[in-house]
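Data first, discussion second: the structure below is written as structure tokens.
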Amino acid sequence: MKPSSFKKAVVAASTAAVLGLPLLTGSLDAHSAWAAGTKTTPPAKTQAAAPAKTSTTTPAKNGVAPKNVVLFIGDGMGEASRNAIRYATVGKNGTLEMDNMPVTGLVRTSSSDHLVTDSAAAATAIATGVKSYNGAIGVDPNKKPVTTIMELAKKAGMSTGVVTTSQVTDATGAAFGAHVENRSAQSDIAKQYIENSKIDVLLGGGEDFWYPKGTAGSHPDAPAEDPTEASKGTQGNLVERAKQLGYNYVTNGTELKAAKNGKLLGLFANEEMFQAHNEVGNQYNPIVSLPDMTTKALDVLSQNKKGFFLLVEEEGTDEMAHDNNAELTIKAGQQLDKAVKVAKDYAKKHPDTLVLVTADHETGGMVIEGPDDEDESGDGLSKEDGPFTVAGSEEQFFIDWTTEGHSAVDVALTAMGPGSEQFVGNYQNTAIHDKLVKLLKLK
């Protein structure tokens with residue numbers, strides 16, 4: 001996510017009714033804007049002491065433990081977003097792939113220093129089990145590195161992967177494989193990925209952070225769709241470094257499909273794999289789809305008989321919501337749902353696979369409304385968005401927005417597979433880490 005895309009997060013008064021997912025009662029916590037500064041921290045050598053946890057986890061039902069984990073994060077995808085995607089895709093009586101799962105929980109999302117989180121703190125909490133400040137990547141509130149679950153999985157012999165429509169070095173993925181004091185240090189994050197955490201599969205955007213200024217990669221500097229994009233790396237030519245370390249490097253769908261098994265780096269855009277906050281106009285048009293990237297990642301990672309941990313993120317559900325663009329928020333969510341189906345189909349053939357779908361926080365304070373003559377929120381970006389058609393009917397709905405930032409509401413988590421029953425309830429985002437560590441028997 002580019003610095004210009006970060007909007008000041010505010011707490012939205014969440015008046016949206018939950019229209020689809022079964023919810024559990026609980027207090028509402030969440031997160032906010034990111035911290036300043038770019039100083040980085042060396043890779044973790046020891047794990048920092050974690051604060052006391054508020055949740056407990058029991059062994060997997062009947063002693064069955066997962067071998068593989070696929071964790072989906074719809075960035076900024078709150079309850080109303082999931083519902084809007086459902087209405088537009090399968091109608092009032094249909095069910096999305098991400099909701100057609102036997103287990104539902106609610107996740108509290110506050111960071112250590114704000115009620116309203118940013119993506120960095122939220123992902124750090126999920127990845128490390130430690131609440132930290134907004135902007136933190138894999139470090140605790142004292143800026144000390146904390147070992148991530150993906151690093152623990154790697155030490156246990158599992159393969160690891162990050163797939164996203166954002167930059168692969170953006171906050172959500174970064175928190176699982178890097179340790180820096182501020183999320184903006186994306187070249188430092190890239191270097192740590194390939195040299196320290198040694199993530200096996202990296203697929204997404206963000207080529208600009210892998211090449212130094214003046215060295216354009218496969219995606220040219222100053223493209224017509226966004227002339228501000230250009231190489232800006234600070235750690236030398238990291239694509240060449242990745243190749244030296246054994247990564248196959250691909251830049252488009254044809255190359256991705258042809259890539260053989262082994263370590264894989266795919267960078268399919270200068271920045272995000274779509275255009276948001278753009279004077280030329282927003283577009284959701286990845287040259288390689290999230291479902292296709294997910295398919296390839298599963299193909300590669302599944303070669304490891306010891307299992308794998310795969311993180312898959314859809315960034316468009318956040319970026320488009322920041323711009324209060326309901327049409328493209330829904331479109332991005334539909335691609336996420338198709339990617340979830342890819343993982344569910346894999347899990348049906350490999351029943352030792354645990355699949356989780358959640359969000360890091362909610363964005364936009366979205367409300368779903370029926371057609372009426374009034375626009376209570378006024379003009380500008382926050383005006384009513386629509387109408388949208390309820391799939392399979394002539395009925396319509398509108399989207400109203402209450403903020404251009406993040407909001408302080410719980411987010412849903414749905415799950416299937418061995419150990420999924422552990423994710424029922426209302427719990428802090430740090431509990432996701434704790435439950436997964438116990439289920440995977442990681443040390």
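The values are calculated or read from the model by the stated rules, or taken from the named source; none is laboratory data. Keep in mind that this is a model prediction, so the values were computed, not measured. As a convention, Cβ positions derive from the backbone with ideal geometry for all residues, glycine included, and neighbour counts pool all protein chains shown. Calculation scope for accessible area: heavy atoms of the full protein, side chains included, ligands and nucleic acids excluded. Shrake-Rupley method; radii C 1.70, N 1.55, O 1.52, S 1.80 Å.
Remarks
- Per-region count, segment 391-441, residues open to solvent by 30 Å² or more (accessible area, probe 1.4 Å), in a loop (DSSP other than H, G, I, E, B) and of a type in the set (D, E, K, R): 4
- Any hit, segment 88-97, residues being in a loop (DSSP other than H, G, I, E, B), touching a Pro at 6+ places or on another chain (Cβ under 7 Å) and surrounded by fewer than 18 Cβ atoms within 10 Å (Cβ to Cβ): no
- Residue list for segment 236-269, restricted to those being of a type outside the set (A, V, I, L, M, F, W, C), in contact with a Pro (Cβ under 8 Å, 6 or more places away or on another chain) and within 22 Å of Gly161 (Cβ to Cβ): none
- Boolean, Val239 is more than 30 Å from Asp118 (Cβ to Cβ), open to solvent by less than 20 Å² (accessible area, probe 1.4 Å) and more than 20 Å from the chain's Cα centre (by Cα): no
- Test for Leu245: is it surrounded by 21 or more Cβ atoms within 10 Å (Cβ to Cβ), in contact (Cβ under 8 Å) with a residue 24 or more places away in the chain and not small (Gly, Ala, Ser): no
- Options Ala224, Ala156, Ala230, Ala216; residue that is without any contact (Cβ under 8 Å) to a residue 24 or more places away in the chain, of a type in the set (Gly, Ala, Ser) and surrounded by fewer than 22 Cβ atoms within 10 Å (Cβ to Cβ): Ala216
- Candidate set: segment 107-140, residues that are in a loop (DSSP other than H, G, I, E, B), in contact with a His (Cβ under 9 Å, 6 or more places away or on another chain) and among the small types (Gly, Ala, Ser); chosen: the one surrounded by the fewest Cβ atoms within 10 Å (Cβ to Cβ): Ser110
- Screening Thr251 against (1) of a type in the set (Val, Ile, Thr); (2) closer than 20 Å to Asp221 by Cα; (3) under 19 Å from the mean Cα position of the chain (by Cα); (4) open to solvent by 10 Å² or more (accessible area, probe 1.4 Å) leaves a single unmet condition, (3).
- Within segment 164-201, the set of residues being within 12 Å of Leu245 (Cβ to Cβ), of a type in the set (Val, Ile, Thr) and part of a helix (DSSP H, G or I) comprises just one member, Ile194.
- If you go through segment 341-359 and keep only what is acidic (Asp, Glu) and either free of Cβ contacts under 8 Å to residues at least 24 places away in the same chain or open to solvent by less than 10 Å² (accessible area, probe 1.4 Å) (or both), you end up with just Asp345.
- Residue in segment 85-100 that is within 16 Å of the chain's Cα centre (by Cα), closer than 18 Å to Tyr427 by Cα and not charged (D, E, K, R) present: no
- Segments classed as helices (runs of 4 or more DSSP H), wholly inside segment 255-363, with at least 2 members that are more than 21 Å from Ser407 (Cβ to Cβ), in contact with a strand residue (DSSP E or B) (Cβ under 8 Å, 6 or more places away or on another chain) and modelled with pLDDT of 95 or more: 290-301, 326-349
- When Lys257, Lys243 are checked against the criterion of being touching a helix residue (DSSP H, G or I) at 6+ places or on another chain (Cβ under 8 Å) and basic (Lys, Arg), Lys257 stands alone in meeting it.
- Sole residue being surrounded by 23 or more Cβ atoms within 10 Å (Cβ to Cβ) and polar (S, T, N, Q), chosen from Asn278, Asn270, Asn285: Asn270
- Restricting Lys143, Lys67 to residues that are open to solvent by 20 Å² or more (accessible area, probe 1.4 Å), over 20 Å from the mean Cα position of the chain (by Cα) and closer than 29 Å to Asp208 by Cβ narrows the list to Lys143.
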